[in-house]
Amino acid sequence: MIRYTVRPERVEQSVALLRAVYADLERDRPRGLRYETFRLDGSGNFLAVIESEGDPVAAPHHRLASFQRYRAALSEICTEPPTVTYLDEVGSYRSE
């Protein structure tokens with residue numbers, strides 16, 4: 001899980017960059033990846049949940065040029081940089 005805060009005047013830029021990442025993910029459809037990003041309460045606070053097989057650093061979205069552009073922009077657009085928290089699943093439920 002990754003949490004970060006974007007400057008209010010840069011939120012739309014962040015959303016646009018994320019949409020490019022998700023468009024590339026839809027096009028490439030990498031296997032073994034779950035990647036979701038949430039904007040909290042319409043603010044500049046974002047939460048990303050990423051689940052992948054193997055080493056997190058080798059997750060398939062890291063290879064996308066759109067993700068690399070997004071990641072590079074974060075240093076300029078964040079007021080609170082990304083904080084990574086590793087989660088151990090205890091249980092989950094998702095209806096189909």
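The distance from the alpha carbon centre of the range 52-96 to that of the range 1-19 is 13 Å, rounded to a whole number.
Count charges around E12 for me, please; just the other residues with Cβ under 13 Å from its Cβ, Lys/Arg as +1, Asp/Glu as -1. Local net charge: +3.
Using the Cβ-Cβ distance between R27 and D88 with R0 = 25 Å, the FRET efficiency computed as 1/(1 + (r/R0)^6) comes to roughly 0.20.
Summing Lys and Arg as +1 and Asp and Glu as -1 over all other residues whose Cβ lies under 13 Å from the Cβ of L25 gives a net charge of +2.
Once R0 is set to 22 Å, what does the formula 1/(1 + (r/R0)^6) return for the Cβ-Cβ distance between A73 and L40, expressed as a FRET efficiency to the nearest 0.05?
It comes to 0.70.
Have a look at F46, F38, F67 and tell me which one the Gaussian network model of the chain (Cα, springs below 10 Å) gives the largest fluctuation. Result for the chain, Cα springs under 10 Å: F38 fluctuates most. Over the chain, Cα pairs under 8 Å with separation of 6+ residues give a relative contact order of 44 percent. Which GluC sites (Glu not before Pro) in the range 1-65 pass both tests, a DSSP loop state and at most 16 other beta-carbon atoms within 10 Å? Of the GluC sites (Glu not before Pro), the ones in loops of the range 1-65 whose Cβ has at most 16 other Cβ atoms within 10 Å are E53. Divide the volume of the convex hull around the Cα atoms of the chain by the residue count and you get 120 Å³ per residue.
Each Lys and Arg contributes +1 and each Asp and Glu -1, all at the Cβ; summed about the Cα centre of the chain, the dipole is approximately 300 debye. The residue among Y4, Y35, C78 whose Cα reaches farthest toward the positive pole of the charge dipole of the chain, with charges on the beta-carbon of Lys, Arg, Asp and Glu, is C78. Extending 7 Å from the Cα toward the beta-carbon at both A16 and R63 defines two label points whose distance is 2.9 nm.
Computed from the coordinates by the stated procedures, all read-outs in this text should not be read as laboratory data. Computed from a prediction, not measured in an experiment: that's the story for all the values here. Because the Cβ atoms are built from the backbone with ideal geometry, glycine has one as well, and the counts that use them run over all protein chains shown.
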